[in-house]
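The values are calculated or read from the model by the stated rules, or taken from the named source; none is laboratory data. Here the structure is a predicted model, which means the values were calculated and not measured. We place every Cβ from the backbone using ideal geometry, glycine too, and count neighbours over all the protein chains shown. Heads up: the accessible areas ignore ligands, DNA and RNA and are worked out on the full protein's heavy atoms, side chains in. Shrake-Rupley method; radii C 1.70, N 1.55, O 1.52, S 1.80 Å.
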Amino acid sequence: MIRLGTSGRSRQLALVERSPLRHADPRTKLALSMCASLAVMLSLEKLVAFMGLYVLLLFWARLLPEAARQVWRLKWVLLVLFVVDWIFVSLDLAVIIVLRLSLLAGAFALFFATTTPAELRLALEWMRVPYRYAFSLSVAFQSVGLLDDEWRAIREAQQARGAWTRPEGWRKLLESLGDLIALAVPAIVMTTKRAWAMTEAAYARGFDSPHRRPYAQLSMGRLDWNLLAATLAVAVALLLWR
Amino acid sequence: MTDQPETAATTRRYFSTFQLILLALFAALVVVAKIALRLPLQLPGHSGIFWMTIVVVAAGVVHKPGAASLVGLTSGIIAGFLGLGDFGALNTFLSYTAVGVGADLTLWLLGGNAENLMIATLAATFGHMMKFLVKWGFGIVTGAPVGFVALGLLRALLGYVIFGALGGLLGALTLKALRRAGFFQYLAEKR
């Protein structure tokens, strides 16, 4: 579990360490997630078959609770869509829309629940995303916790000075629009100072060196090739299925 | 032709390293604002008021086309990892990215001055509305009847417009406050 932010309602990166996919290559997981997302274009029979296989994959990968949690958050939307589509159009349409939405909601759980930001960075570099952009992405991840603490500190300081009160209702919100600037300005200034310090630290460590070597390299293992082969086989089977 | 190594001196880059890191931190700030600040208003999209403020400020501080898009893209990836949003990581990623691209596009079309109250308000409104378009797109991809989707998203659209506009206004006012406080001079000295 990687913790981002140390106070209040901060979020966490919930890595499922015991998942067999945790050790798979991030490129493989990205490919699997994208293939799963593309499956929304299948017809009802094929989609039902695909969903069955996908649930089996999630069960094997011990990611079923993660995906189910994501779909559960959509329960009311799915319920309303199902009922309305069933009443006004047909049961087939109701089922296919619910399946497609569930698939779209849960498809990337497979990737995000088993991949660290550092692994994503390596995958991005492999995809020819310039190193500087990939680096800035990991800087952003590592800074969420720090910025969260700073943001709270600014808010508490401004509240103590009477410069910020949480607006209750519309009228108060419009009246206190100026107060929001009292939150935004110090946050922007502190963020800029931090960015400058990070830039200097990065250059001091040879960030722009022309002969830079990555700290780790991705390599495809047997698990990755097996997963990709299985994905290809399922895709071909679904395409040939009449 | 000589085989020269690529160095910082020989390569001209669109964003400097400082600008890239700054935009990345603004993206992190977008996510922090989304998580930490919630107002007791019963309308979806109200977090956009802070969110669009930061996007507009990012576009004003870096002042290059693509700055807001990069903030949107980066914050979309972070938000996806943190499990924000109700429609899954793909929707979250696309929504955040679309917000940045929408704001960038509008700013570019209107001349790019994010300190102008009208331009910033329009850019943020359009940017925030792109979230709606992503949801609409999801509705179309899944095959949901467009009428139902529109009806369901009507209230959300109102929220996106109002809070996007307020966020843009706030962003422009923040930029003006930063200018008065000598922030841009500080940046120029650092460069």
Checking the condition open to solvent by less than 10 Å² (accessible area, probe 1.4 Å), more than 10 Å from chain A (Cβ to nearest Cβ) and more than 24 Å from A:F207 (Cα to Cα), which residue from B:S47, B:S95 passes?
B:S95
Quickly run through the range A:123-162 and pick out the residues that are without any contact (Cβ under 8 Å) to a residue 24 or more places away in the chain and open to solvent by less than 20 Å² (accessible area, probe 1.4 Å).
A:A134, A:S136, A:L137, A:S138, A:A140
Taking the stated definitions as given, is A:L101 under 15 Å from B:S75 (Cβ atoms) and in a helix (DSSP H, G or I)?
no
A:D85 being of a type in the set (D, E), over 23 Å from A:A229 (Cα atoms) and open to solvent by 60 Å² or more (accessible area, probe 1.4 Å):
no
Would you point out the residue of the range B:53-71, among those that are away from every other protein chain (no Cβ under 11 Å) and either part of a helix (DSSP H, G or I) or at negative phi (or both), that is surrounded by the most Cβ atoms within 10 Å (Cβ to Cβ)?
B:V55
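For the condition more than 25 Å from A:T192 (Cα to Cα), at the interface with another protein chain (Cβ under 8 Å from one of its Cβ atoms) and either out of contact with any Gly (no Cβ under 8 Å at 6 or more places or on another chain) or not charged (D, E, K, R) (or both), what is the one hit in A:A123, A:A140, A:A105, A:A113?
A:A105
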Counting only residues in the range B:72-90 that are more than 18 Å from A:T114 (Cα to Cα) and within 7 Å of another protein chain (Cβ to nearest Cβ), the one least open to solvent (accessible area, probe 1.4 Å) is identified as B:T74
Of these, A:T199, A:T191, which one is under 24 Å from the mean Cα position of the chain (by Cα) and surrounded by 13 or more Cβ atoms within 10 Å (Cβ to Cβ)?
A:T191
Going through (1) assigned to a helix (DSSP H, G or I); (2) within 24 Å of A:E45 (Cβ to Cβ) one by one, A:W225 fails only at (2)
Just checking, which of B:T106, B:T121 is open to solvent by less than 40 Å² (accessible area, probe 1.4 Å), assigned to a helix (DSSP H, G or I) and more than 14 Å from every other protein chain (Cβ to nearest Cβ)?
B:T106
Restricting attention to the range A:126-137, which residues are facing chain B (nearest Cβ under 10 Å) and part of a helix (DSSP H, G or I)?
A:R132, A:Y133, A:F135, A:S136, A:L137
Take A:E175 and decide whether it is open to solvent by 30 Å² or more (accessible area, probe 1.4 Å) and modelled with pLDDT of 85 or more.
no
Filtered residues of the range A:5-40 (kept if modelled with pLDDT under 85 and either closer than 21 Å to A:W225 by Cα or open to solvent by 20 Å² or more (accessible area, probe 1.4 Å) (or both))
A:T6, A:S7, A:G8, A:R9, A:S10, A:R11, A:Q12, A:A14, A:L15, A:E17
Here are A:L53, A:L64, A:L120, A:L78: which of them is in contact with a helix residue (DSSP H, G or I) (Cβ under 7 Å, 6 or more places away or on another chain) and buried (at least 20 other Cβ atoms within 10 Å of the Cβ)?
A:L120
By residue number, the members of the range A:97-115 that are open to solvent by 20 Å² or more (accessible area, probe 1.4 Å), modelled with pLDDT of 85 or more and hydrophobic (A, V, I, L, M, F, W, C) are A:V98, A:L99
Criterion first (open to solvent by 30 Å² or more (accessible area, probe 1.4 Å), of a type outside the set (S, T, N, Q) and within 20 Å of B:T53 (Cβ to Cβ)) does B:L154 satisfy it?
no
Residue identified as touching a helix residue (DSSP H, G or I) at 6+ places or on another chain (Cβ under 8 Å), among the hydroxyl-bearing types (S, T, Y) and more than 26 Å from A:E119 (Cβ to Cβ) among A:T231, A:T199, A:T165:
A:T165
If you scan the range A:215-238, which residues turn out to be in contact with a Lys or Arg (Cβ under 9 Å, 6 or more places away or on another chain) and at pLDDT below 85?
A:L218
Test of understanding: among B:A165, B:A123, B:A156, B:A150, which residue is closer than 20 Å to B:K64 by Cβ and either of a type outside the set (K, R) or at pLDDT 90 or above (or both)?
B:A123
